[in-house]
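What follows is a short report on a single structure.
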Amino acid sequence: MTTTMTNIRVVQSKDVDLILNTGIDGLADIEQWLSKRKLAFFLTENIYIAYLAFVDIKEEPIGVIMGGLEEEGRVWVEMLSVSSDYRRRGVGTALMDQLINTAEIVSARGLMVDIDHDNYGALKFYKRFGFKRVGHMNQYYYDSSKALIYFYEL
Ligand SMILES: CC(C)(COP(=O)(O)OP(=O)(O)OC[C@H]1O[C@@H](n2cnc3c(N)ncnc32)[C@H](O)[C@@H]1OP(=O)(O)O)[C@@H](O)C(=O)NCCC(=O)NCCS
């Protein structure tokens, strides 16, 4: 694996435009389920823990991870996306390591994620991390595909 040197920093509310307008695959989809105003609110109120990855000093994000802290004490991984040009270079792993560290700091019980049953790459990624399958939800996504639910216990 070629590793990419990345800078990772926490998302701030001023990054909302960057997050919504950036070219990271899948990222623009966020507007389908989250309005700009809500996203800014969640980020300012620290309901979401989110990080952006950059390559070197370029201000163009190449990856994002976002976890929502739930009342039950779990962090739900709402979003993880790495630009297709930078995949398989450890960027997703670096982002997930960062989210796991933060989840530990806030004493979360674990991390939960829903993954499209067809998303072979993501399933391999999460299983490699040690996430375990705990359930599924039929017709979960907008195209009616099935979600597999995975949990990582802290
Ligand atoms: C899933 C995703 C975030 C992984 O990011 P990444 O930066 O490529 O991940 P890493 O380089 O850290 O990969 C770590 C390991 O995960 C596994 N993995 C990651 N992507 C994989 C793929 N497409 N196929 C098979 N295994 C994969 C491999 O074991 C990899 O290690 P290796 O490259 O040494 O074999 C990225 O593919 C992506 O953005 N996909 C589209 C969005 C998405 O599906 N997000 C998840 C929604 S739940």
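The values are calculated or read from the model by the stated rules, or taken from the named source; none is laboratory data. Remember, predicted model here, so these are calculated numbers, not experimental data. Note: accessible area is taken over every heavy atom of the protein model, side chains too, but ligands, DNA and RNA are not part of it. Shrake-Rupley method; radii C 1.70, N 1.55, O 1.52, S 1.80 Å.
Can you give the convex hull volume per residue for the Cα atoms of the chain, as a whole number of Å³?
About 114 Å³ per residue, rounded to a whole number.
When only Cα pairs under 8 Å and 6 or more residues apart are kept, what is the percent relative contact order across segment 6-109?
26
Just subtract the alpha-carbon distance of residue 38 and residue 70 from 0.36 nm times their residue separation and send over the number in nm, one decimal.
Answer, rounded to one decimal: 9.9 nm.
Tell me, what is the per residue accessible area of the chain in Å², probe radius 1.4 Å?
Heavy-atom accessible area per residue stands at 58 Å².
Could you please state how large a percent of the accessible area of the chain is carbon and sulfur, counting protein chains only and using a 1.4 Å probe?
47
Under the 0.36 nm per residue contour assumption, what length would be gained going from the current alpha-carbon distance of residue 129 and residue 21 to full extension?
My answer for the length gained is 35.9 nm.
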